[in-house]
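Quick notes on the structure that follows.
The values are calculated or read from the model by the stated rules, or taken from the named source; none is laboratory data. What you are looking at is a predicted structure, and each value in this text was computed from that prediction instead of being measured. Glycine also receives a Cβ, built like all others from the backbone with ideal geometry; neighbour counts cover every protein chain displayed. Calculation scope for accessible area: heavy atoms of the full protein, side chains included, ligands and nucleic acids excluded. Shrake-Rupley method; radii C 1.70, N 1.55, O 1.52, S 1.80 Å.
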Amino acid sequence: MYSGIQISQTDPRPMYLQILEQIRARIAARDWPPGKELPSIRALAAGLNISVITVKRAYLDLETEGVIVTRHGKGSFVADVNGLAGDLKEAQLDEHLAQAAEIGRQLGHDEQELTARLRAALKTLEKK
């Protein structure tokens, strides 16, 4: 089963985190709908030429978060939780906005200036 997940040896993040974030992104983008079967831990590890333990850690973290469910003897699947993809996108938006606000503060912008910049960005999107 092709997953499209890639590991970068030059990425400073741990490999399990790269896997975890790519799976989250696929689910948030609705590329992987609820109920979709994920590659088996062994198959993904073999396909990426990494340890089974690394993939297992990513899957366990995703399962703890409720993003995937694992059924013994059947495999791992995208959780069928209402709004999970939306929740992941909301969290991603919050993270990006916090980063943008931090950069704005570093540049000396106040709340009004930051709000004006966000409105301008929205208007640019509406024109596309």
What fraction, in whole percent, of alpha-carbon pairs in the range 22-68 exceed 13 Å separation? 58 percent
Everything considered on the Cα gyration tensor (a ≥ b ≥ c; rounded for a/c under 1.5, else prolate if a/b is larger than b/c, else oblate), the chain must be described as prolate
Nearest 10 degrees, 0 to 90: helix 52-65 Cα axis against the chain principal axis: 60 degrees
To the nearest Å², the heavy-atom accessible area per residue of the chain with 1.4 Å probe amounts to 70 Å²
Which chymotrypsin sites (Phe, Trp or Tyr not before Pro) in the range 1-71 sit in a loop by DSSP (not H, G, I, E or B) and have at most 15 other Cβ atoms within 10 Å of their own Cβ? Tyr2
Highest-MSF residue in the chain out of Arg24, Arg57, Arg105 [GNM, Cα springs under 10 Å]: Arg105
Taking the Cα atoms only, what angle lies between the long axis of helix 84-106 and the longest principal axis of the chain, rounded to 10 degrees? 40 degrees
Under a GNM of the chain (C-alpha, springs under 10 Å), which listed residue has the highest mean-square fluctuation: Ile41, Ile53, Ile27? Ile53
In the Gaussian network model of the chain, springs joining C-alpha atoms below 10 Å, which of Gln92, Gln106, Gln18 carries the largest mean-square fluctuation? Gln106
About its Cα centre, what dipole magnitude does the range 2-128 give when the only charges are +1 on Lys and Arg Cβ and -1 on Asp and Glu Cβ, stated in debye to the nearest 20? 500 debye
Residue by residue through the range 21-32, the couplings from Karplus 6.51 cos²θ - 1.76 cosθ + 1.60 with θ = phi - 60°, in Hz, x for Gly and Pro, are 5, 5, 5, 4, 5, 5, 5, 4, 7, 6, 6, 10
Return the calculated 222 nm mean residue ellipticity for the chain, to the nearest 500 deg cm²/dmol, obtained by summing -39500 (n - 2.57) across DSSP H runs with n ≥ 4 and dividing by the residue count. -19500 deg cm²/dmol
Once neighbouring chains are kept in place and the probe is 1.4 Å, which whole percent of the accessible area of the chain is contributed by carbon and sulfur? 53 percent
Of the listed pairs Lys36/Lys123; Lys89/Lys127; Lys89/Lys123; Lys36/Lys127, which have alpha-carbon separations greater than 32 Å here? Lys36/Lys123; Lys36/Lys127
